[in-house]
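The values are calculated or read from the model by the stated rules, or taken from the named source; none is laboratory data. Given the structure is predicted, the values throughout are model-derived calculations rather than measurements. For neighbour counting, all protein chains shown are included, and Cβ atoms are generated from backbone atoms with ideal geometry for every residue, glycine included. For the accessible areas, the whole protein counts, side chains as well, though only heavy atoms, and no ligand, DNA or RNA atoms are used. Shrake-Rupley method; radii C 1.70, N 1.55, O 1.52, S 1.80 Å.
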Amino acid sequence: MLREPLLAAARSPKLRTVAEKSRLTRPVVDRFVAGATEPDALRVTDELIGNGLYVTLDFLGEATTSLEQAGSTVRAYESVLVELAKAGSAERAEVSVKLSAIGQSLPGNGEKIALDGARRICEAAAAAGTTVTVDMEDHTTTDSTLGIVRELRADFPWVGAVLQAYLKRTEADCREFATAGSRIRLCKGAYAEPESVAFQGEAVEDSYRRCLGVLLAGEGYPMVASHDPAMIAAARSLAVRNSRTSDSFEFQMLFGIRPDEQRAIAAAGHRMRVYVPYGDEWYGYFMRRLAERPANLTFFLRSLTSKK
């Protein structure tokens with residue numbers, strides 16, 4: 001019942017201003033966001049790697065409104081990739097990029113701007129010895145995003161893509177991308193989408209299972225992004241059924257959500273990657289996390305009444 005209001009709040013500039021000025025919000029955000037700066041991101045990355053986990057870093061921001069802002073975001077990714085290499089962390093840490101943050105939504109030649117920026121990030125990742133995963137946003141950008149991924153893969157075949165199980169098209173997209181060397185992150189989806197293009201309610205879970213079946217039976221490298229114990233169990237079962245080795249797929253979870261389970265999955269011999277956001281543009285990300293999972297909202301509300 002709260003999903004739609006929370007997603008609407010994520011798009012509200014007025015509520016964003018209130019949240020950013022509130023002294024009560026920051027301690028809660030700190031659970032889900034590594035911090036505002038690159039050193040914050042690197043510190044958290046080191047801690048997670050030390051616990052046997054893998055990392056993907058997301059420099060927060062989306063729907064960039066200027067070429068200057070898009071360029072600044074690209075430079076932020078280039079910088080953090082250089083630092084990952086210097087720290088010897090690139091083998092276990094990569095980056096995730098939203099194309100709208102690097103110009104995709106700019107009028108005119110936005111797609112070209114995003115493609116050029118993504119190429120620069122991929123070049124920096126290749127030099128660092130790591131990879132890039134292209135995030136997915138609302139359904140209106142799906143074709144554009146996958147088109148850019150296809151172009152990037154001509155030079156960087158290891159570029160990962162995200163597919164969202166709540167979209168009715170995604171099972172077919174999984175069949176296209178479940179090919180040798182293809183890295184695909186499967187998530188449920190976190191945007192408000194109309195029934196005409198997206199499954200609703202329990203149908204999303206059914207779609208997630210079907211998409212898991214396609215990816216784990218394919219020749220690619222599935223990245224199972226879920227906090228749902230039922231989906232994790234289904235992925236494990238499908239991996240056994242398809243004779244998957246532990247290094248031929250991975251699990252992914254968000255920073256700050258089920259950290260004990262993250263470490264337990266890694267201790268059991270699976271690859272477990274943590275999605276770590278950082279930067280000042282945390283509001284939209286944070287609100288979608290609340291909308292995704294009721295337990296997140298419970299944690300937030302409790303923090304508001306805490307005296308600590």
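Computed values, structure above
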| item | result |
| --- | --- |
| Tally, over the stretch 188-204, of residues that are open to solvent by 20 Å² or more (accessible area, probe 1.4 Å) and either touching a residue at least 40 places away in the same chain (Cβ under 8 Å) or in contact with a Cys (Cβ under 6 Å, 6 or more places away or on another chain) (or both) | 5 |
| Of all residues in the stretch 212-245 being in contact (Cβ under 8 Å) with a residue 12 or more places away in the chain and hydroxyl-bearing (S, T, Y), the one that is nearest to G160 (Cα to Cα) | Y221 |
| Count - residues of the stretch 123-140 that are closer than 19 Å to Y275 by Cβ and either β-branched (V, I, T) or assigned to a helix (DSSP H, G or I) (or both) | 7 |
| L146 vs. criteria farther than 24 Å from L84 by Cβ, at pLDDT 95 or above, outside any helix (DSSP H, G or I) and not basic (K, R) | no |
| Which numbered condition D40 fails, given (1) surrounded by fewer than 17 Cβ atoms within 10 Å (Cβ to Cβ); (2) over 18 Å from Y283 (Cα atoms); (3) in contact with a strand residue (DSSP E or B) (Cβ under 7 Å, 6 or more places away or on another chain) | (2) |
| Test: G181 is in contact with a Gly (Cβ under 9 Å, 6 or more places away or on another chain), not polar (S, T, N, Q) and not in a helix (DSSP H, G or I) | yes |
| D58 modelled with pLDDT of 75 or more, more than 18 Å from A126 (Cβ to Cβ), in contact with a strand residue (DSSP E or B) (Cβ under 8 Å, 6 or more places away or on another chain) and of a type in the set (D, E) | yes |
| Pick from the stretch 243-266, criterion out of contact with any strand residue (DSSP E or B) (no Cβ under 7 Å at 6 or more places or on another chain) and either acidic (D, E) or in a strand (DSSP E or B) (or both), ranking: surrounded by the most Cβ atoms within 10 Å (Cβ to Cβ) | E261 |
| Top-ranked residue in the stretch 122-172 [being acidic (D, E) and surrounded by 20 or more Cβ atoms within 10 Å (Cβ to Cβ); ranked as farthest from L57 (Cα to Cα)] | E137 |
| Residues that are over 21 Å from A225 (Cα atoms), surrounded by fewer than 24 Cβ atoms within 10 Å (Cβ to Cβ) and without any contact (Cβ under 8 Å) to a residue 40 or more places away in the chain, drawn from the stretch 81-104 | K86, G88 |
